[in-house]
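**Q** Take a look at this one; I'll ask things after.
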Amino acid sequence: MQIVVAYAEANNQAWLELDVPEDCCVRDAIERSGVLKRFPALDLAKSKVGIYGKLVKLEAPLQPGDRVEIYRAILVDPKLVPRRKMDDDDDDDD
C-alpha cells in the first residue's frame, strides 16, 4: 500500500512516498522511509507522531494513503513570537 512519511526541520523537509506491506505500522513506515538516516538527530523515543494531524502511537496500523507525520518539539512559545506578516505590512506605511 502507498503511504507518505513527512518530517520538517527549519531548513530541510522530507516528503517520502513509499510502498509498505499491508500489516505495516507507523514505526515500520518511518524506519523503511530512510528519514532517520536523513535526519540523524531525529529521536523517535522523544518525538510525537501522527497520521493527518492526529497523534498516534508508533505501533498504530496504517491504511492505504495515510500520511505519517513526525513532529518536532516547539522551542518558542508561539504567543511570544512577533507576527511577521503584520510587521511587514506596517513597513509599507513608511
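**Q** On a full-extension model of 0.36 nm per residue, what is the gain between Arg38 and Asp19, subtracting their alpha-carbon distance, rounded to one decimal in nm?
**A** Using 0.36 nm per residue and subtracting the Cα-Cα distance, I get 5.0 nm.
**Q** Would you please give the FRET efficiency between Ala10 and Gln63, computed as 1/(1 + (r/R0)^6) with r the Cβ-Cβ distance and R0 = 25 Å, to the nearest 0.05?
**A** Calculated value: 0.25.
**Q** Continuing with this model, one more query. Tell me which lysines have Cα within less than 30 Å of Lys79's Cα, excluding those fewer than 8 residues away on the same chain?
**A** Lys46, Lys48, Lys54, Lys57
**Q** While we're looking at this one, here's another question. Using 0.36 nm per residue, how much length does the chain from Lys79 to Glu31 gain when fully extended, once their Cα-Cα distance is taken away?
**A** 13.8 nm
The numbers here are math on the coordinates, done by the rules we state, and not lab data. A quick note: this is a predicted structure, and the numbers were derived from the prediction, not measured. Glycine gets a Cβ as well: all are built from the backbone with ideal geometry, and neighbour counts include every protein chain shown.
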